[in-house]
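The values are calculated or read from the model by the stated rules, or taken from the named source; none is laboratory data. As the structure is a computational prediction, the values presented were derived from the model and not from experiment. Glycine also receives a Cβ, built like all others from the backbone with ideal geometry; neighbour counts cover every protein chain displayed. Accessible surface is based on the protein model in full, side chains and every heavy atom, while ligands, DNA and RNA are left aside. Shrake-Rupley method; radii C 1.70, N 1.55, O 1.52, S 1.80 Å.
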Amino acid sequence: MKQLPSFPENSSLSSISYIHQLLKKTLVQMNDNNNNLPNKRRRRKKEAIQETPNETDENQGAVKTKDLKEIITSLLLLEEQEKSEQEELVKEEEEKKKLFEANHKKTTKVMWDYYSNVQQHHSDLEELGNVRKRKGRANNAALAACAATTLVAVDEENITKANDNSEKGGPGAPQRRLWVKNRSKAWWDQCNSADFPEDEFKKAFRMGKDTFELICNELSSVVAKENTMLRDAVPVRQRVAVCIWRLATGEPLRLVSKRFGLGISTCHKLVLEVCTAIRTVLMPKYLQWPDENKMQDIKDEYEAMSGIPNVVGSMYTTHIPIIAPKISVAAYFNKRHTERNQKTSYSITVQGVVDPRGVFTDVCIGWPGSMPDDQVLEKSALFQRANTGLLNGVWIVGSSGYPLMDWVLVPYTQQHLTWTQHAFNEKIGEVQRIGKEAFVRLKRRWSCLQKRTEVKLQDLPVVLGACCVLHNICEMRNEEMDPELNFELVDDEMVPEIQLRSTNARLARDAIAHNLLHHNHAGTSFLS
């Protein structure tokens, strides 16, 4: 009998499966061998079997029984080996699990101990800080009490000396409690007097006395400060006057300081405080998007002027020069102004929408000067308002620097325009002119916008917003401009990469142009 092959140690099949395959393979080989025997040999074997039948059957039975016993024994041994291996694997997994849980508990305990120590450390630091604050407050209170006592003693001594001097006939005057540099306030005292001429006041502050008084009253609750024991607070009128005169003239802070008899740092602080108060208190009242009634009046005025229906505003974007910033210099670099003026220029943008009177109804301030007009528009709150559907069915007229959209109406820019397109451009130019002239008056009235200012970049949006609000107040109150204030506004326009954003807008513009020409709303100056 052939010896059974040994069981493979690294076989991927199970032991039982392997034995079945092995038996099957052996039987197949035996059948093949039997089939391949020669016919003569097969006949001899058959004759031998017929001659000794009993002996052959007995031998074959014994062999088969022995083979089966060996196979069953091998199977049992393999099963026992597999069970023992599985038990060993289970024991190893349990040991690993117990070791992992022990390490996890140990790590968690260490982390909690560390966290408790950190919390205790922070608590100790906080308690120490509170103790220092209490000691500091106590020391400050003691110093204040000591100073007050000293001042009272000095005042009593000065009063006693003054009384003694007055009794003796000598000049006696109480001394100043806190040393302050003497600065002349003669100019402001003259402007603040009731006898100061209206024309001179308007020339200095770009507005009449009544408008100035209105602004002071509106800001009084926010700007006013209380007097302290050491010095008196700057009055509200003087605070507002410092800010407005600085915006109107654009003079440096050292000249503002001389005019109003205040320190340079005090003037800078007052300008920012008043501008912040204007933006907080007056902007919601004097610079806001019109309601339905006001919107209809604006539509009627623009249509009467140009013949174009449903126009609610004229849009324009200007640049305000600034000093080169310390960060993002390339973003604020104005290439077009630099090439035209032959001088390196940096700027920020101001986008505004105005009504027929030149009053701002929407502003977007502070985007870098390298951005073209269409990108500034996409960043504005006006664009977000349009995306929400609040500008459906109305037009805002812009220049060729803006794209044609469902709510933005711009002139034709292609070459070889037809008579209809020329007529449309002429009428839409009248609406565009209103927006540009509003910015001309804004920069003429507030000269600080014409040149690079000392204000920091992060504070500029507040100052520019205050200028727009003050412009609206002056326009609403019909404040006339000084004819000597001349300024030429030049802002280079860049045609956007995608000029047409809506097919419906193109068809609507063609229909408006056709109606203007064929209903006698368009002029004929373009023919000359």
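With a cut-off of 11 Å, note down the residues of region 90-110 whose backbone N falls inside the zone around a label point 7 Å from the Cα of SER116 toward its beta carbon.
Residues passing the 11 Å test: 109-110.
Quick one: pull the percent of accessible area on region 332-461 belonging to carbon and sulfur, 1.4 Å probe, ligands and nucleic acids left out.
The value for region 332-461 is 47 percent carbon and sulfur by accessible area.
If I model a spin label at ILE71 and SER220 as a point 7 Å from the Cα along the Cα→Cβ vector, what separation in nanometres do I get?
11.6
Between GLN296 and ASN103, take the C-beta separation as r, use R0 = 60 Å, and let me know the FRET efficiency to the nearest 0.05.
Efficiency at R0 = 60 Å is approximately 0.20.
Calculate, for region 236-310, the solvent-accessible area per residue in square angstrom, rolling a 1.4 angstrom probe over the heavy atoms of the protein chains.
45
Rank-order 278-284, 387-393, 242-248 by packing density, defined as the average count of other C-beta atoms within 10 Å over each peptide's residues, highest first.
242-248, 278-284, 387-393
Taking R0 as 56 Å, what's the FRET efficiency between ASN227 and THR413 from their Cβ-Cβ distance, rounded to 0.05?
0.35
Within the set LYS269/LYS451; LYS225/LYS269; LYS202/LYS443; LYS269/LYS456, which residue pairs have Cα atoms separated by over 19 Å?
Cα-Cα > 19 Å for LYS269/LYS451; rest within.
State the extension gain, in nm to one decimal, for the chain segment bounded by ASP459 and ASP482, taking 0.36 nm per residue of separation less the distance between their alpha-carbons.
5.4 nm
With a 10 Å radius around each residue's Cβ, average the other Cβ atoms per peptide and rank 74-83, 455-464, 123-132, highest first.
Averaged packing, sorted descending, gives the order 455-464, 74-83, 123-132.
Round to a whole number: what % of the accessible area of region 210-259 belongs to carbon and sulfur, probe 1.4 Å? Each step should come with its number before you reach the end.
Working: 1200 of 2470 Å².
That fraction is 48 percent.
Starting from 0.36 nm per residue, how many nanometres of slack lie between GLU87 and ASN515 once their C-alpha separation is accounted for?
144.6 nm
Expressed in nm to one decimal, what extension gain is obtained for the pair LEU500 and ILE323 from 0.36 nm per residue of sequence separation less their Cα-Cα distance?
Roughly 60.2 nm would be gained on extension.
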